[in-house]
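So the structure is just underneath, and the comments pick up after that.
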Amino acid sequence: MELAWYALLGLFFATYLVLGGYDYGVGLLLARGADPARRRAALNAVGPFFLGNEVWLVAAVGILFGAFPVLEGELLSGFYPAVVGALVGVILVTVGVQLRSRPTGPRARAGWDRIVVVGSLLAALGWGALLAGMLQGVPLHADGHVAGVTHLFTPFVAATGLAVVALVALHGATFLTLRLPDAEAAPVGRLARRLVPVALVAVGAASALGLLSADVRAAARQPAVGVLLPLLLVAAVLAARVALGRRRPGLAFAATGAALALPVALVGATLWPYALVSTVDPGASLTVADAAASAPTLRLLGWLTVPLLPALLGFQAMCWWVFRGRTDGRAPVYW
């Protein structure tokens, strides 16, 4: 039962990264210095999906709190700079997108756009640092608590955070190639192709630092998976480049979405059966079973979650169907 709930937690968080990732990617692209009309067009493209995408984060946090209370406590205490930074970023993006549409002048809108850029950067860096910190192992002591936060300030964590930023920017660009009119999508498509080597370099640097890190190697309980999934991530980014070159934005978007989901699978599968691996006392490492709530609690949560997942999927499908196609009303060539 613990495995099913852990997989569901990973599914919800990965879905949030894929859907919220293009929100933050579009937000990062506002820093290109484009004219106000192009910035407005980019935000209009993402606007119908924006708040619905955040629901997946709320659902993931709900599962974490209810099904894995021990893990939740250690994540909040041992990773609070990353978690707080990411949540502040989410709030800044939400506030910026909502308030820039109020009747204000060009200077005020430009200020809100800068807030959206900063929030998008914080969100991408924060979630990347959280995943890297878990994969790297934590100073978890015999008393069951993580000591300090210095484990978040390592080259591997920094490189992974930047890699997630690069992937998010690429994902946002491929999303805009789906949504913007042809005349505006073409330059964004060229930008997306230029972002592919940036993402590959960032992912390669993070992977190399992970292989060189003694903590990462020691924390890996399934090292073969830890090598395979980064290779799949690189393959997904390369597939996106091929799809963009052939003007198949749907395939490119699916590929960049897979690239953002794979880091979540990498952490969960590489550490299994542990949720947190201790770098100071191997016997203190926290297994998924130990982190989970009691069996009656998980059964009760199951009755609450059974109607939740179809509702979330149905809402997302309805939103994509209603607002399908480009913002000028024409359908793109998906495949």
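May I ask you to list the residues in the range 136-155 that are in a helix (DSSP H, G or I) and open to solvent by 20 Å² or more (accessible area, probe 1.4 Å)? Hits for the range 136-155 are Thr150, Pro155.
Among the residues of the range 121-130, is any in contact (Cβ under 8 Å) with a residue 40 or more places away in the chain and either surrounded by fewer than 21 Cβ atoms within 10 Å (Cβ to Cβ) or out of contact with any helix residue (DSSP H, G or I) (no Cβ under 8 Å at 6 or more places or on another chain) (or both)? Checked the range 121-130: no residue is in contact (Cβ under 8 Å) with a residue 40 or more places away in the chain and either surrounded by fewer than 21 Cβ atoms within 10 Å (Cβ to Cβ) or out of contact with any helix residue (DSSP H, G or I) (no Cβ under 8 Å at 6 or more places or on another chain) (or both).
For the range 176-194, the set of residues classified as among the hydrophobic types (A, V, I, L, M, F, W, C) and either under 17 Å from Arg241 (Cβ atoms) or in contact with a helix residue (DSSP H, G or I) (Cβ under 9 Å, 6 or more places away or on another chain) (or both) consists of Leu176, Leu178, Leu180, Ala185, Ala186, Val188, Leu191, Ala192, listed by residue number. One residue is enough: does the range 30-52 have a residue meeting the conditions acidic (Asp, Glu) and either touching a Pro at 6+ places or on another chain (Cβ under 8 Å) or under 21 Å from Ala255 (Cβ atoms) (or both)? No, every residue in the range 30-52 fails to be acidic (Asp, Glu) and either touching a Pro at 6+ places or on another chain (Cβ under 8 Å) or under 21 Å from Ala255 (Cβ atoms) (or both).
Only one of the numbered conditions (1) closer than 16 Å to Asp215 by Cα; (2) modelled with pLDDT of 95 or more is not met by Gly137, and that is (2). For the range 106-138, a residue qualifies if it is closer than 23 Å to Gly10 by Cα and not small (Gly, Ala, Ser), and the qualifying residues are Leu121, Leu122, Leu125, Trp127, Leu130, Leu131, Met134, Leu135, Gln136, Val138.
When Val188, Val201, Val168 are checked against the criterion of being modelled with pLDDT of 95 or more and more than 19 Å from Ala265 (Cα to Cα), Val201 stands alone in meeting it. Among the residues of the range 305-331 satisfying the criterion of being in contact (Cβ under 8 Å) with a residue 60 or more places away in the chain, open to solvent by 60 Å² or more (accessible area, probe 1.4 Å) and assigned to a helix (DSSP H, G or I), which is farthest from Ala275 (Cα to Cα)? Only one residue tops the list, namely Val322. Among residues of the range 256-283 that are closer than 16 Å to Glu74 by Cβ and of a type in the set (D, E, K, R), those with a Cβ under 7 angstrom from a residue that is in a loop (DSSP other than H, G, I, E, B) and open to solvent by 30 Å² or more (accessible area, probe 1.4 Å), sequence gap 6+ or separate chain, pair up as Asp281/His141; Asp281/Ala142. For the range 284-304, a residue qualifies if it is in contact (Cβ under 8 Å) with a residue 60 or more places away in the chain and in a loop (DSSP other than H, G, I, E, B), and the qualifying residues are Ser285, Ala292, Ala293.
The values are calculated or read from the model by the stated rules, or taken from the named source; none is laboratory data. Small disclaimer: the values here were computed from a predicted structure and weren't measured. Here the Cβ is made from the backbone with ideal geometry for all residues, glycine too, and neighbour counts use every protein chain on show. All accessible areas refer to the heavy atoms of the entire protein, side chains included, with ligands and DNA or RNA removed. Shrake-Rupley method; radii C 1.70, N 1.55, O 1.52, S 1.80 Å.
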